[in-house]
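Report on the structure given below.
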Amino acid sequence: MFQVSCAACNASFEYNVEDYIHLCPYCSAGFILDLDEGAKDIIGDHFIVPNRLDREQVEGIFYDWISERYHRPERVKNEFKILGSYGISLPYWVISAEAHTFWSGHSQKANQYTGQSAEHGSKFLKEDGRFSRRYRWSILGRKSPKEHWGLERLHHPKEGVMVDWDGYPLDETLGAVKGGALGSVYDARQAFKFDHANGLTISGVQVKESSAIARAKDQIQEFHRRIAKTKVGTLYEHRTEIEIVGIHLVHLPFWVVRYSFAPKSPFRFMTTVRERRLLVQGHTLAVLDAELPLSNSDKVMTNLLVCGSFAAVSLALSLFVHPLFFLMVTIFSAVCISSAWKVFGREKPDSDLGRGSELSEPAF
């Protein structure tokens, strides 16, 4: 670690050379250090959304969340075990932008008329249109969104559009504040001070503004292209014009809960105890993402055992009651073979476990 003096209060503190913006732990000022010339440039428009949770409250949110989804809520405390939890305040570049998209394409006509020409294109209708949106698009100010679990896919659009990027519209994704005034998490921002983190570790900023703006433009461009594809059968042309209105830095609080599931019922022989995770927003108190306790392999194994039992019962009935039950034996056996092939023949890692790499509280 290296020493640097604050550009605002002149206090000396250690800094990380990978950080683009250095945060003074004494006066909370943020500044950019030019290592070649030694110049320091204080940044403005730096905010933080206060953390409203402690470890005990986060664990309470987890138990409430899992109790609403488990068929035996009274068993939750015995069958679900919290392995650990930690909170972190992460930097996001919030880019205010306006995007205008123009599109055109063809859709198949709903009605065909007698005697209609069979020439090429006669069954299709040309369509075009435009739509505009305003965003506070958030780009994580860290080099890797996989540094903490659950941050890679926080964008859940209202349209039937699949997303595969880490940025998201701030107001739409993190939701309204629970137990407080109406509004988005953005409305709760305050001028940056370490005290507002309320005990959370504050991560440094590693990404430059120019990089954040470029990524936001790419993501908005692709997002609008996919929206345009939902408006027409075949999209032939689209053009999105993006105007950047402003950019500022906001630290947002998150909590990660690690838990395991070990049922006390006979179902325990059909499940594998695995570590699962839950992501909670530290100000809105909302559960943003979670890994469910049962994986696909657990469900398939249960299906294999249940159908195998029914196949055995049906076989006995076909021998001693009526041969027609042999049809049930065939059906259940086919399901068993299919399930066994999925479990043993094509064993793959659960897609649930592919998101994020942190399994324990990171060391800072």
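The values are calculated or read from the model by the stated rules, or taken from the named source; none is laboratory data. Remember, predicted model here, so these are calculated numbers, not experimental data. We place every Cβ from the backbone using ideal geometry, glycine too, and count neighbours over all the protein chains shown.
The table that follows gives values for the structure above.
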{"quantity": "Any hit, the stretch 229-250, residues being polar (S, T, N, Q), in the same structural domain as Asn51 (by TED's automatic domain parsing) and either in a loop (DSSP other than H, G, I, E, B) or at pLDDT below 90 (or both)", "calculated": "yes"}
{"quantity": "Condition check for Phe47: aromatic (Phe, Trp, Tyr) and surrounded by 17 or more Cβ atoms within 10 Å (Cβ to Cβ)", "calculated": "yes"}
{"quantity": "Among the residues listed as Asp187, Asp195, Asp171, Asp166, the single one being part of a helix (DSSP H, G or I), at pLDDT 90 or above and surrounded by fewer than 20 Cβ atoms within 10 Å (Cβ to Cβ)", "calculated": "Asp195"}
{"quantity": "Enumeration of residues in the stretch 310-332 that are among the β-branched types (Val, Ile, Thr) and not in a helix (DSSP H, G or I)", "calculated": "Val321"}
{"quantity": "Wholly within the stretch 33-117, strands (runs of 3 or more DSSP E) carrying at least 3 residues that are over 24 Å from the mean Cα position of the chain (by Cα) and within 30 Å of Thr234 (Cα to Cα)", "calculated": "80-108"}
{"quantity": "Set Ser89, Ser107, Ser28, Ser67: member being in contact (Cβ under 8 Å) with a residue 60 or more places away in the chain, surrounded by fewer than 18 Cβ atoms within 10 Å (Cβ to Cβ) and hydroxyl-bearing (Ser, Thr, Tyr)", "calculated": "Ser107"}
